Structures are given as C-alpha cells and as structure tokens.
Amino acid sequence: MATFEVIERQGLKMIKATINNETIRAEAGAMHYMRGQIALESKMPSAGGFLKSMVTQESVFRPTYTGTGEVYFGPPIFGEYLTLPLNGDAWILDKGAYVCSDIGIEVGVWRNKAVAGLMSGEGFFQTKVEGQGNVVIQAPGPVEAIDLVNDKLVVDGSFAIARQAHLDFSVQRATKGLLSSLTSGEGIVNVIQGTGRVLIAPVPNLYRNMMDHLIGHMLSMSSGK
C-alpha cells in the first residue's frame, strides 16, 4: 500500500503520498504537485454518477495516480490531517473531509435520514468510505477519538468529522421540554449511539492561530512602548 505522511512547510501542512508501482485515489483538485513517473487519470463517470452528483453536490471526479514517485496533496489548510486505516469496515465522513486513499478504498455516498439531514448541520448526504487500506481525512482542528461501548455521544454542532457507519445517527432536543431547550442555549444536538468509534474536532486550529497572532501582536506593541 501507499505511504501517507503529514509534512509541514512554513507552518502549513500537506499530505505526501509515496507510491511504488501503485495506485491511489484523491478528491478532485486536491493535488498540490507530484514528482516521479506517475500517470494521472480521471475517468468519466456513468450517467447514474452524474445524477447522483447533482443531488448530493459532491464531485463525481476522483482522479487516480498510478506509478512510482511522490504526490503532494493540498492546498495546505489551517487544521489537521489524519490517516484512517480501514480493514473492511465502513466510515461516514463529514462533507469535505476526504482527501485521498488507497485504491482498495471505495468512496461513495451516505444518505442521512430526512430529519437528521435537515436539522443536524451535516446535510442529507455525506461521504462513505469502505474497504481495505488507508484513508486520509482533514479536520479543522485537533482530532479526538471517542470509543463508544453501547453508549451515547451527544455533539453540539458538526464537530463530529467521522463515525463508523454502523453507529446510529439522529438529531434530538438537548432537553425534554421546549422551554428548557430555549433557555439552556442548547436547542438541537446530534446524537450518535451504539458501539464503535467517532472522531471529533472540537477546537479549530484556525481560531487558535488567530488568537496566538493577535496576542503576539499586542505583546510586541506593548514592548515597543
């Protein structure tokens, strides 16, 4: 299988995929640059694929890279990259989280229940990955893995960037009564139940970087007086 590494240059992060007579798949437009004897191919999807793309607003083009060399995926983001190993299992990814994967990974679409899709903030359709190999995903901040054992996870907002597909996903009121929901400040929450793993990114790095920059600027102005 290919080797995926997170590299950092001038404070920005990219994914370096090293392939040796292998094939990988990536999100359309994800490539930053590549070197070596690598062939890029983007096949035309079926008519059904085009129709699905119109409904889900997901790209139907996911190019493949075949050969020997290095492929760098970006452009860099203010966030985190994570390699997710799959051993025949399936995961549901937040929209935009998928970056690239081994060719043994099937990338498809997952349809949420009507109410969950309308009110959860995740939308009606998300990306489903399944198969054998590694998947690289991106998150707006540091990723925390939460393992559920016949348990329930309540998430405010779309902080859950990935979950195993067999887990039950729904939306619920944060509290039982309507008045309590209004006064608690927590109206509708996402609920994930069952036994499996959920990945969340509760603190975006972008905000932290902005605050660090602002504090550093204020300190430099203060010391200059």
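Numbers below:
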| read-out | value |
| --- | --- |
| Within region 1-34, considering residues that are part of a strand (DSSP E or B) and among the polar types (S, T, N, Q), the one surrounded by the fewest Cβ atoms within 10 Å (Cβ to Cβ) | 21 |
| Conditions (1) modelled with pLDDT under 95; (2) in contact with a Cys (Cβ under 8 Å, 6 or more places away or on another chain): number failed by residue 114 | (2) |
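The values are calculated or read from the model by the stated rules, or taken from the named source; none is laboratory data. Predicted, not measured: the structure shown is a model, and the values here were computed from it. No Cβ is skipped: glycine too gets one built from the backbone with ideal geometry, and neighbour counts run over all protein chains shown.
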